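Have a look at the structure below before the remarks.
The values are calculated or read from the model by the stated rules, or taken from the named source; none is laboratory data. Computed from a predicted model, the values in this text were never measured in an experiment. All Cβ positions, glycine included, derive from the backbone under ideal geometry; neighbour counts span all protein chains shown. With ligands, DNA and RNA removed, areas are computed over all heavy atoms of the protein, side chains included. Shrake-Rupley method; radii C 1.70, N 1.55, O 1.52, S 1.80 Å.
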Amino acid sequence: GHADEKRFRHRRRDRIWIAAADAGRRRLRRTSEAGADVGIDLQKPGWLSDGAVLDDDGTRILTVARLPEEVMIVTLSETDILAAFRVGHALGNRHAPCELRGREVIVPVTETPELTARPLLAHNIDPAHIRFARIPFAADARLSARGPGTIIRRTGRVIITTTITQND
C-alpha cells in the first residue's frame, strides 16, 4: 500500500531513505529514522516508490522515503517532434535512465551537470530548455514493492521478519 491511503492515516510513520540507484534493488539494508535496522528482500524485482508501505504493525508504518538528488530536466515543446527525437536519441545512446513527467524529461546527473547535458547540446537542443534541480528521481513510479518479499527488522538480537504482499 501507500502511506497516503486512508487506512494508514493515524499510524506513526518511520521512514527509510532510499536513493533512485537503490530503489530497484531486490535486496537492501538500511536504518530507519527511528533507528531500526531493516533488511528488504523482495522475491521479485520491484521499485520502491516514495510512500510505499513496507510494514504495518497496527500502530506504526515503515515507509520508503526517496532522497532528493541532482537531476537534469529537459522541457519539450508540444510541437517540436524533432527535438523530442533528438533528446530520445541522445539519452538512449548513453543508456541513461529517464522519467517523463508531462512535457519534461528528467535524467539523474551521474557525473557533472555539464557532462550530463553535453549529448543534448551536441544534438542541438536549445540550452534554454535544460535546467538542473534537486528532486527525488522516479519517486512516484507506482511499482512499489511488487510481489511478495520479506522485511527483516533487527532490534538488539531479535530479528523480526514480515512478508510484503501485493496490495495494488
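Brief remarks follow.
- In the stretch 104-113, the residues that are open to solvent by 70 Å² or more (accessible area, probe 1.4 Å) and in contact with a helix residue (DSSP H, G or I) (Cβ under 9 Å, 6 or more places away or on another chain): Thr110
- Tabulated pairs, the stretch 16-27, first open to solvent by 30 Å² or more (accessible area, probe 1.4 Å), second among the aromatic types (Phe, Trp, Tyr), C-beta under 8 angstrom, 6+ apart or interchain: Gly24/Trp47
- Out of Ala65, Ala34, sole residue that is part of a loop (DSSP other than H, G, I, E, B) and modelled with pLDDT of 90 or more: Ala34
- Gly46 being surrounded by fewer than 16 Cβ atoms within 10 Å (Cβ to Cβ), at pLDDT below 90 and of a type in the set (Gly, Ala, Ser): no
- Within the stretch 55-75, the set of residues being open to solvent by less than 70 Å² (accessible area, probe 1.4 Å) and more than 19 Å from Pro113 (Cβ to Cβ) comprises Asp55, Asp56, Gly58, Arg60, Ile61, Leu62, Thr63, Val64, Ala65, Arg66.
- The lone criterion from (1) out of contact with any helix residue (DSSP H, G or I) (no Cβ under 7 Å at 6 or more places or on another chain); (2) open to solvent by less than 80 Å² (accessible area, probe 1.4 Å); (3) farther than 30 Å from Ala34 by Cβ; (4) not charged (D, E, K, R) left unmet by Phe85 is number (2).
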